[in-house]
1. Give a residue-ordered list of calculated ³J(HN,Hα) values for the stretch A:21-26 (Karplus: 6.51 cos²θ - 1.76 cosθ + 1.60, θ = phi - 60°; whole Hz; x for Gly, Pro).
2. So, R0 is 25 Å and r is the distance between the beta-carbons of residue A:457 and residue A:83; what FRET efficiency does that work out to, to 0.05?
3. If the cut-off is a Cα-Cα distance under 27 Å, which lysines reach residue A:28, setting aside same-chain residues fewer than 8 apart in sequence?
4. Among A:436, A:266, A:216, flag the residue with its Cα farthest along the positive direction of the charge dipole of chain A, charges on Cβ as +1 for Lys/Arg and -1 for Asp/Glu.
5. Sequence-distant or interchain residues sharing an amide H contact under 5 Å with residue A:430, placed H: which?
6. Quote the convex hull volume per residue of chain A, based on C-alpha atoms, as a whole number of Å³.
7. Could you name the lysines whose alpha carbon sits less than 20 Å from that of residue B:66, not counting residues in the same chain fewer than 8 places away?
8. Counting other beta carbons within 10 Å of each Cβ, put B:71, A:60 in order, fewest first.
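No lab work stands behind these numbers, since they all come straight from the coordinates. What you see is a predicted model; the values in this text were computed from it and never measured. Heads up, the Cβs are rebuilt from the backbone with ideal geometry, glycines too, and the neighbour counts pull from every protein chain shown.
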Amino acid sequence: MANPAMEPGNGAGAEAVPVHSFLENTGKHKGIFAWILSTDHKRIGILYMISIFSFFAVGVCLGFLMRLEMLVPGPTGKIFNAQEYNALFTLHGVIMMFLFVIPGIPATLGNFFLPIQIGAKDVAFPRINLLSWYLYITGAIIILLSLFGNGLPDTGWTFYVPYSIRTGTDVTMAVFGVFILGFSSILTGLNFLTTIHRLRAPGMTWFRMPLFVWALYATAWIQVIATPVLAITLLLIMVERLFHVGIFNPVLGGDPVLYQHLFWIYSHPAVYIMILPPMGVVSEIVATFSHRTVFGYKMIAMSSLAIAFIGYLVWGHHMFVAGETQTAQFFFSLLTFLVAVPSAIKVFNWVATMYKGSLDLQPPFLFLLAFIMLFCIGGMSGLVLGSLATDVHLTGTYFVVAHFHYIIFGGAIFIFFGALHYWLPKMFGRMYNKKVADWALGILFVGFNMLYFPMFILGYEGMPRRYFAYLPKYETLQHISMVGSWVLITGLIIMFWNLLHGIFKGERCGPNPWGGTTLEWTIPSPPPTENFETIPIVTHEPYYHPEADPEIQREPVPVAK
Amino acid sequence: MSLSVWESEHQAETQHKEYHEEHVSYSLYILIWAALMALTAATAVIAGINLAALTLVVALLIALTKASLVVNYFMHVRFEDRIFKIFFAIAGFTIFVIFVLTFSDVYFRR
């Protein structure tokens, strides 16, 4: 039986579904309790979104202040002293990494769209889903409490020993907060894995799943397997600080390099927790706005798993100068080059999808183009750092700062913004101002490159990261970078204002404003509480554009009686 | 994958429960517990013997045996569907690879 709801690009089935959207209160709780006690995956996604972007705003402000300190070469004397600067970059890193980018897309848009994209009414464990949000908030509060203890942690977000064991600041509290956040991440991963295995709609075979779901699947595996390593490592720091057991501290017979191993065994795969979901979003956006199926669908799906797996094996490249042996350096450098292969497969396939496609340059697609460019710069500079010879010179400099901001901000966060522009009309049923969105992206793109590209040059010239003062010869580039931060923030303010204005006062849009072909575009905007009145039966590949891809029709698969 | 496969994956969940009840008895649990206690005692005793380079290998082998008992019996994986065994195998393999790579540093430091 063919399902009319799966006909592409028409939003059919909208009239047949009950009118109550998930935004209307139909449950027993009222007011804020209807949100913070809701087990609806869509409401939890929005709870996460509000929390995550609140912390993002704080992280951006801290980053802005760090750049401001670079106003003059020596200590400004009036803005921050060295200790305060140490605390600033630690807090900036902890907030951006643990409270924003790692939960990022999976917890917000993943929560919202994963069940819908596979034709389910909710995730497998809705209560555990809500619990993971509470754990996230608890972890965040504990980190903030460390502000009021013995002073802000000043170790950097990596909490490297032996300094993190020695410092008098409140590292234990901050580390405990991150420990709790880890559980939130594990539960989300577990929930997604179970949902994808158990709750797919009839006919939604593995290779009919949207690529965003594949990306979330690969990410969930990393969350479940890698996060416990971090939890145990952080627990060991607490044990060492509180009970003076020699685990990492060489004075007590511990091994500080072991800490770095354990930390990066989690934190390098965590980079892929950050970047894989955005890669999934890219595949969605590129298919919708190229009006054709994704080139090399299976290769993209498999490359997500390949990245997730190889991503486990490259952590030692963070430790080339930390005293690891040459044998380890050889293996880790080799493996680092290998992980570039599946990443490149994705990029080539996205570009090949656009080739001969009917491109529609809407805001989400422009964000995607910005992403591909910035991600390529970030990725290629990563290879420079993965090479032993160059890494020895560049490690610990601004080059590294530029590299990971190009990957995390230019890659993951730019496409997070692109995903918001893509899916907010679906979530709230209203459209933002597209012209303003285009302008905001332009300003963001210029600001971003002004802010971070000079850091490549500064790092190459020897400017160390995490210094609150610098030599006069770096002044011009530091100033360009600082002004870039102002441009970037202007772009952010315009973009968020436009999105918020769109959510509350934008023009109403239909169920499928972009002509998307995956299941979320077949239900009304905003989606009903239960997503689907009847569970859809899937009969096609996810990116089915009959007018552009007639060859896809060659294998009709009967799936239901 | 056809609809029938999809259905069978969903039906599998209900079948598990019946399966567990058939295969796991209290006496088996107690036997496994006794084995775990014995292996713990063995770990403590062996720690006092100087096995030089083999110390770590022996300790890890005992730990591995204990973990497999817990996973197979207390966590019922032995009686579960293939998919859960694959899940555990992937996690186990990842940990194995992590060990190997960490030792590529630690072992060659000497």
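1. With the stated coefficients, the stretch A:21-26 comes to 7, 5, 6, 7, 7, 10 Hz.
2. Calculated value: 0.30.
3. Qualifying lysines at Cα under 27 Å: A:42, A:121, A:426.
4. After comparing all options, I get A:436.
5. HN-HN under 5 Å from residue A:430: A:509.
6. Dividing the Cα hull volume of chain A by its residues yields 149 Å³.
7. B:85
8. B:71, A:60
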